[in-house]
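As structure tokens, the structure follows; a few thoughts come after it.
Derivation of every value follows stated rules applied to the coordinates shown; laboratory data play no part. Remember, it's a predicted structure, so these values are computed and weren't measured experimentally. Positions of Cβ are generated from backbone atoms using ideal geometry, with glycine treated the same way; all protein chains shown enter the neighbour counts.
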Amino acid sequence: MKINIKQFVLLIPIFLLTSCFDILDKVNLKADGSGEYSLILNASKSKTRLASISKMETINGKKVPKKSEIEDKINEAARIFRTTPGISNVKTSLDFENYIIKFSCNFRKIEDINAGLAQLKAKNILGKMVPTQIYSHNSAKKTFSKNKVSTFKKEYEQLSKADKEVFTDAKYISILQFENNIQSQSNPTYQMSPNKKALKQEGKILDFIFQKKQIQNTILLQ
């Protein structure tokens, strides 16, 4: 089976024709379990290259999508999230000058985000290799978790050389913010803020693919 970049990330291939992009995943959790989720794909460091690519029909054997096609895909993702129970206030922003895509929404409980991501995968908006059951929250035990995901090492190794290069300098950043103070966490690669209300993890996407860094973390809140 041929493994494509699209199986890893959102189907926005123009942003994935460069190795210099960041994915920022952010959760802001309130004490009652509700909160805000946001996802930002930032390729501004490669905007000159992407501006040139956007004028082409194909590159490395791949069709270069039109801006209208990207907009349609983002709008479809927003529409699907709006139909997910517990999700509200869905917003999207596309900056084609700096090549930044932003998506945000409010959730009633964090598991609603899992459900929304699963819907995107079912509708082929998300790639097949993208995990969806990422978050969990237990209000009784006062724990918030990012769950363990499978390694993509085998799938990565099956990519072409050109597709592998896309991940060379790509970064993943996770920010977790809480209304309550953090008492402890299970993954020390997350840096805690001085006020003990936020955690940040950052690394190359390749480090997560090869599991040199793990995203899973169980956070005990006060």
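What the table shows:
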item: Sites Ser150 and Lys196 - FRET efficiency at Förster radius 35 Å, r taken between beta-carbons, to 0.05; result: 0.65
item: Violating pairs (Cα-Cα greater than 23 angstrom) within the set Lys148/Lys204; Lys148/Lys213; Lys63/Lys154; result: Lys63/Lys154
item: Whichever lysines have a C-alpha closer than 17 Å to that of Lys121, once near sequence neighbours (fewer than 8 apart) are set aside; result: Lys6, Lys73
item: Among the listed pairs Lys45/Lys153; Lys91/Lys196; Lys171/Lys212, those beyond 18 Å (Cα-Cα); result: Lys45/Lys153; Lys91/Lys196
item: 0 to 90° range, to nearest 10: angle between helix 111-122 axis and the chain longest Cα axis; result: 20
item: Gyration tensor (Cα) of segment 5-221, equivalent ellipsoid semi-axes in angstrom; result: 30, 20, 16
item: Rounded tilt (10° steps) of 67-82 against the dominant C-alpha axis of the chain; result: 30
item: Set of aspartates and glutamates near Lys161 by C-alpha distance (under 18 Å), chain-local residues within fewer than 8 positions excluded; result: Asp169, Asp207
item: Gyration tensor verdict on segment 107-222 (Cα atoms; rounded if a/c is under 1.5, prolate if a/b is larger than b/c, oblate otherwise); result: oblate
item: Projected label distance in nm at Thr143 and Asn124, using a 7 Å step from Cα toward the beta-carbon; result: 3.9
item: Alpha-carbon centroids, segment 74-119 and segment 174-197: separation in whole Å; result: 24
item: Calculated FRET value between Ala31 and Thr92, using beta carbons and R₀ = 25 Å, to 0.05; result: 0.35
